[in-house]
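> Shown below is the structure under consideration.
The values are calculated or read from the model by the stated rules, or taken from the named source; none is laboratory data. From a predicted model like this one, the values you see are computed outputs, not experimental measurements. Methodologically, a virtual Cβ is constructed for each residue, glycine included, from the backbone with ideal geometry; neighbour enumeration extends over all protein chains shown. For accessibility, only protein heavy atoms count, side chains too; no ligands or nucleic acids. Shrake-Rupley method; radii C 1.70, N 1.55, O 1.52, S 1.80 Å.
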Amino acid sequence: MKKIMIIEDDKDLQEIYRLNFELAGYEVLQEFDGLDGISSVVDNKPDIILLDVMMPNMDGFAFLKAMKDNTSINVPVVVCSNLSDKETYAKAVSAGAVSVLLKVDYSGKQLVDKIGHIMNGVDI
Amino acid sequence: MKEILTLIQNLNFTNLDLLSVGITIAAIALLGFIVYISNVKSITSISFLIFCTVTMLWSFFNYISYQTSDPESYLILWKTVIFLGFWHSFSFFNFLYVFPRGKVVFPSWYKYLLFPYIVVLSFWAFAGDLVFSGVLINNGSLTPIVERGIILFTLTVCLLIISSFVFLIRRIVISKDVDKKPYVIILVGALLTFVLLFTFNLILPALFEITRFIPLGAVTILPFSVFTTYAIFKHKTFKVKNIGSTLMAFFLCTATFVEVIFAETPGQLILRVGIFLFVLLISIEFVKNIFILEHLTEKLEDANVKLQALDKLKSEFISLASHQLRSPLTVIKGYASTLTDGVVGDLTDKQKEVAQHIYVSAQGLANVVEDFLNVTKIEQGGMKYEFAYTDIRTIVNDLASDMRIPAELKKLDFQTDINEGTFMVNADATKMKQVFLNLIDNSIKYTKDGFVKVWLHSVNDDKGESADSKPGLKYMKFGVSDSGIGVSEETKAKLFQKFSRGEGAVMNGGGSGLGLYLAEEIVEAHGGKIVIDSEGLGKGATFSVTLPLIHV
């Protein structure tokens with residue numbers, strides 16, 4: 001069973017994603033902040049991470065940097081944000097994200113399909 | 001009169017006294033000129049100019065009244081000095097009364113009592129025997145015969161000066177700390193001036209019998225003039241180039257004035273007076289314009305800075321607003337799709353339909369946000385496209401499956417006619433998808449019943465000739481045809497403007513009014529064309545986009 005970790009502070013989005021990914025057969029791990037995410041990643045070693053950018057204590061970019069500094073972890077990270085500006089995109093890519101998605105573009109099922117494609121190595 | 005003129009023309013300019021008086025007069029004239037030019041309409045500048053002018057005249061006549069040995073000239077000069085003395089103290093009083101206001105309404109006592117009083121007394125002293133009635137010749141030195149009118153003169157002058165100080169001190173007391181500074185500066189200048197005046201004209205002669213400094217009256221006024229000019233200009237930035245131009249104009253005026261004094265014939269005098277006045281007028285205009293230019297430039301720079309800040313603020317606001325609007329929309333879409341996809345259990349058909357409506361509406365709102373963001377980028381010239389080889393067919397297929405739902409919710413017949421093969425275009429996939437989405441969305445919105453057809457063909461030129469797959473094909477054409485309300489001939493061009501709506505727009509809510517404006521911008525940036533075909537109102541319409549293909 002594939003493990004997906006969702007790092008997102010919005011409780012509603014977390015619920016929507018959990019419902020959809022669990023139906024698609026994933027084991028869903030939920031963290032509501034980057035800080036919790038870091039320790040959780042080390043303990044649980046997910047197969048893929050869905051990462052929000054705007055979070056209170058440790059934002060998405062800080063999380064990516066922390067993960068990079070800890071070189072033993074090598075999990076693909078998909079950055080999900082409602083910011084569509086070029087700076088956010090560039091920052092995410094240079095910080096090591098495999099893909100950057102605009103949250104509002106995807107319904108629950110569409111996100112599951114997209115993550116499936118990414119995990120199969122299609123459209124990065 | 002002639003003796004005085006000769007006296008003036010024969011002045012020895014290497015005399016140190018004359019030099020110091022001359023320089024002081026020039027300095028005071030310059031200060032008055034500068035202050036006046038900087039704000040010709042203000043009663044404060046005008047009053048200061050008058051004060052400086054009277055000071056110059058008073059200083060000059062005060063000096064030369066000590067240079068003559070001719071009794072008649074002596075008497076006239078002394079009477080002139082007294083005459084000017086009245087006006088000198090009055091102009092001092094007047095200046096401190098008006099400072100720092102731009103406009104003043106003079107009270108009745110000022111206009112009908114004080115002013116006439118000064119006029120009457122000063123002319124009486126000049127033309128009559130109010131103060132001096134004659135000259136005593138005493139072993140070659142001259143002294144004036146003083147009448148009782150001197151008391152009136154002294155009283156008047158003292159009252160005027162004391163009142164002036166009272167005005168000044170009152171202003172200092174009643175104004176707020178931050179406003180006190182100019183008044184304090186003027187007060188210091190005035191005090192210095194009067195200390196010097198009393199020392200030179202009263203204490204030294206009376207107590208030490210040193211009368212030597214009396215002709216240098218001009219120098220005593222200098223502190224007041226300098227400090228006052230400083231107070232007036234303290235808050236204004238004074239650019240160096242302006243000072244240069246002002247000085248230039250000033251020296252030109254002085255030179256032409258000096259020419260007037262040294263005119264030898266009446267004819268020459270008239271000519272030189274004419275030249276002087278002409279030069280003076282031009283100088284005033286010239287310097288005034290320089291100041292106006294500088295002032296306007298400053299204002300423009302300020303406005304520019306404010307505009308840039310506002311622009312930045314607008315960008316940040318739109319960014320933030322977009323993000324804040326998208327977050328709840330994501331949640332609405334997420335939950336609605338969770339319902340329709342049966343993730344939390346099966347729904348009845350009706351329940352599914354309801355959930356789909358919610359989803360479609362949320363998507364509509366997300367599109368509006370996207371449109372706003374894009375339009376802002378275009379307006380700020382910051383619309384950047386990420387061109388890449390894109391298969392348009394994939395985009396159209398995805399959209400067709402997405403847009404089937406809202407079409408079928410309206411009970412419309414949703415058709416597709418998408419040719420086989422790849423349609424590779426050098427395009428920004430996200431932006432182009434937005435264009436196609438807007439077109440399909442519009443069709444659905446403006447079609448009450450009937451069909452909406454999404455099609456994708458290759459054509460061999462961009463005039464819209466459709467053809468089957470042939471080598472050498474150059475363009476692709478994407479289109480949306482419908483049986484909707486159609487477009488009249490007049491409206492066709494207008495639809496591409498911002499916030500325009502076609503006929504029947506009132507029938508439908510939603511939409512940003514920017515879709516077609518954006519579509520045209522984006523399509524043209526891709527080297528393509530967007531066209532509206534319609535036989536008229538009520539006869540449906542076809543919106544098509546032609547784009548150049550690349551062959552891989």
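> If we keep just the residues of the range B:271-322 that are surrounded by 14 or more Cβ atoms within 10 Å (Cβ to Cβ) and within 14 Å of another protein chain (Cβ to nearest Cβ), which is modelled with the highest pLDDT?
If we take residues in the range B:271-322 being surrounded by 14 or more Cβ atoms within 10 Å (Cβ to Cβ) and within 14 Å of another protein chain (Cβ to nearest Cβ), then B:322 is modelled with the highest pLDDT.
> Quick check on my filter: what residues within the range B:128-153 are outside any helix (DSSP H, G or I) and closer than 15 Å to residue B:84 by Cα?
Result: B:128, B:130, B:131, B:132.
> Got a number for residues in the range A:40-54 being farther than 20 Å from residue A:82 by Cα, touching a strand residue (DSSP E or B) at 6+ places or on another chain (Cβ under 9 Å) and open to solvent by 50 Å² or more (accessible area, probe 1.4 Å)?
Number of matching residues: 3.
> Return the pairs, sorted by first residue and then second, in which the second residue is modelled with pLDDT of 90 or more and open to solvent by less than 50 Å² (accessible area, probe 1.4 Å), the first residue lies in the range A:92-105 and is within 14 Å of chain B (Cβ to nearest Cβ) and over 23 Å from residue B:329 (Cα atoms), the beta carbons are less than 7 Å apart, and the residues are 6+ apart or on different chains.
A:93/A:100
> Of all residues in the range B:102-152, count the ones that are within 19 Å of residue B:70 (Cα to Cα), modelled with pLDDT of 85 or more and surrounded by 13 or more Cβ atoms within 10 Å (Cβ to Cβ).
Of the residues in the range B:102-152, 1 are within 19 Å of residue B:70 (Cα to Cα), modelled with pLDDT of 85 or more and surrounded by 13 or more Cβ atoms within 10 Å (Cβ to Cβ).
> Only one of B:37, B:23 is in contact (Cβ under 8 Å) with a residue 24 or more places away in the chain and either surrounded by fewer than 22 Cβ atoms within 10 Å (Cβ to Cβ) or of a type outside the set (S, T, N, Q) (or both). Can you tell me which?
It is B:37.
> Let me ask something else. Pairs please, first residue from the range B:154-172 and part of a helix (DSSP H, G or I), second anywhere and charged (D, E, K, R), Cβ atoms under 6 Å, 6+ apart in sequence or on different chains.
Pairs found: B:172/B:180.
> Which condition breaks for residue B:46 when tested against (1) touching a residue at least 12 places away in the same chain (Cβ under 8 Å); (2) open to solvent by 10 Å² or more (accessible area, probe 1.4 Å); (3) not small (Gly, Ala, Ser)?
Residue B:46 satisfies all of (1) touching a residue at least 12 places away in the same chain (Cβ under 8 Å); (2) open to solvent by 10 Å² or more (accessible area, probe 1.4 Å); (3) not small (Gly, Ala, Ser) except (1).
> Pick from B:202, B:197: which is open to solvent by 70 Å² or more (accessible area, probe 1.4 Å) and of a type outside the set (Gly, Ala, Ser)?
B:202
> Looking only at the range B:373-381, decide whether some residue is open to solvent by 60 Å² or more (accessible area, probe 1.4 Å), within 14 Å of chain A (Cβ to nearest Cβ) and at pLDDT below 90.
Yes, because at least one residue in the range B:373-381 is open to solvent by 60 Å² or more (accessible area, probe 1.4 Å), within 14 Å of chain A (Cβ to nearest Cβ) and at pLDDT below 90.
Listed here are the residues, each with its yes/no results for (1) within 13 Å of chain B (Cβ to nearest Cβ); (2) open to solvent by 20 Å² or more (accessible area, probe 1.4 Å); (3) modelled with pLDDT under 90.
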| site | (1), (2), (3) |
| --- | --- |
| A:5 | no, no, no |
| A:32 | no, yes, no |
| A:56 | no, yes, yes |
| A:108 | yes, no, no |
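> While we're looking at this one, here's another question. Does residue B:82 count as under 21 Å from residue B:158 (Cβ atoms) and not polar (S, T, N, Q)?
Against the criterion (under 21 Å from residue B:158 (Cβ atoms) and not polar (S, T, N, Q)), residue B:82 qualifies.
> Which ones in the range A:4-22 are more than 22 Å from residue A:68 (Cα to Cα) and free of Cβ contacts under 8 Å to residues at least 60 places away in the same chain?
Correct list: A:10, A:11, A:12, A:14, A:15, A:18, A:22.
> Let me ask something additional. Search the range A:15-30 for residues being of a type outside the set (A, V, I, L, M, F, W, C) and surrounded by 19 or more Cβ atoms within 10 Å (Cβ to Cβ), and hand back the single one that is nearest to the other protein chains (Cβ to nearest Cβ).
Checked the range A:15-30; the qualifying residue nearest to the other protein chains (Cβ to nearest Cβ) is A:20.
> Filter the range A:34-54 down to the residues that are of a type in the set (A, V, I, L, M, F, W, C) and within 14 Å of chain B (Cβ to nearest Cβ) and list them by number.
Across the range A:34-54, the qualifying residues are A:50, A:53, A:54.
> Still on this structure, please answer the following. Does residue B:256 satisfy the condition of being open to solvent by less than 80 Å² (accessible area, probe 1.4 Å), part of a helix (DSSP H, G or I) and within 11 Å of chain A (Cβ to nearest Cβ)?
no
> Would you be able to tell me the number of residues in the range B:333-365 that are open to solvent by 30 Å² or more (accessible area, probe 1.4 Å), within 12 Å of another protein chain (Cβ to nearest Cβ) and either under 16 Å from residue A:17 (Cβ atoms) or among the basic types (Lys, Arg) (or both)?
4
> Would you check which residues across the range A:76-89 are open to solvent by 20 Å² or more (accessible area, probe 1.4 Å), in contact with a strand residue (DSSP E or B) (Cβ under 9 Å, 6 or more places away or on another chain) and more than 9 Å from chain B (Cβ to nearest Cβ) and list them?
Of everything in the range A:76-89, those that are open to solvent by 20 Å² or more (accessible area, probe 1.4 Å), in contact with a strand residue (DSSP E or B) (Cβ under 9 Å, 6 or more places away or on another chain) and more than 9 Å from chain B (Cβ to nearest Cβ) turn out to be A:76, A:89.
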